[in-house]
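Down below is the structure, laid out as structure tokens.
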Amino acid sequence: MTTFTKTILFTDTDGRARFRDETVTLDQGTPQSMLSALFASGGYQLRHSPVGFRSQFHCTGTPQWVFILGGQMEIGLQGGASRVFGPGQHFYSADVLPDGASFDAQVHGHWSRQVGPDPLVTLFVRD
């Protein structure tokens, strides 16, 4: 069976953002073009971030897919862990603020930044 790896940026039970991988089964279509089930989406946005862009710690407002179209994006977590995503790579960003919590930049969320010599171009696809 063919599968797709969905990398998820999520809020763990302690309120901190973490990464985990989940398998999506591609069990539809034909042997030459395997497909997953059809998922709903709530629109998309394109973003261009210049060389040198870096955000502050923040949570994802609405869960969304993030596809890197050009350049590289680094996502940093509390505690210093980070991952770099390049053109053609993706992740599912769902590290929303826990219900009832007030945002605390020492606990919640992630930061993102452009890395390398090229501007960062991303596609966000909302749930």
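Only the coordinates and a few stated rules stand behind these numbers; no lab work does. Here the structure is a predicted model, which means the values were calculated and not measured. Cβ coordinates were reconstructed from backbone atoms using ideal geometry, including for glycine residues, and neighbour counts include every protein chain displayed.
Within segment 63-82, the residues that satisfy the criterion of being under 11 Å from the mean Cα position of the chain (by Cα) and closer than 19 Å to Val125 by Cβ are Pro63, Gln64, Trp65, Val66, Phe67, Ile68, Met73, Ile75. Pairs are defined by a Cβ separation below 7 Å, a sequence spacing of at least 6 or placement on different chains, a first member in segment 98-127 that is farther than 15 Å from Arg54 by Cβ, and a second member that is of a type in the set (D, E, K, R) and surrounded by fewer than 16 Cβ atoms within 10 Å (Cβ to Cβ); the pairs so defined are Phe124/Arg47.
Considering the conditions (1) under 22 Å from Val121 (Cβ atoms); (2) within 12 Å of the chain's Cα centre (by Cα); (3) surrounded by fewer than 13 Cβ atoms within 10 Å (Cβ to Cβ), Arg20 is excluded by exactly one of them, (1). When segment 1-30 is filtered for residues that are closer than 18 Å to Ile75 by Cα and outside any strand (DSSP E or B), the ones remaining, listed by number, are Asp12, Gly15, Arg16.
Here Gln89 clears all of (1) in contact (Cβ under 8 Å) with a residue 24 or more places away in the chain; (2) under 16 Å from Thr5 (Cβ atoms); (3) surrounded by 13 or more Cβ atoms within 10 Å (Cβ to Cβ) except the condition numbered (1).
Residue-by-condition table, conditions (1) closer than 18 Å to Asp127 by Cα; (2) of a type in the set (S, T, N, Q); (3) exposed (fewer than 15 other Cβ atoms within 10 Å of the Cβ):
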| residue | (1), (2), (3) |
| --- | --- |
| Thr7 | yes, yes, no |
| Arg16 | no, no, no |
| Leu38 | yes, no, yes |
| Ser41 | yes, yes, yes |
| Arg47 | yes, no, yes |
| Phe53 | no, no, no |
| Leu97 | yes, no, no |
| Ala105 | no, no, yes |
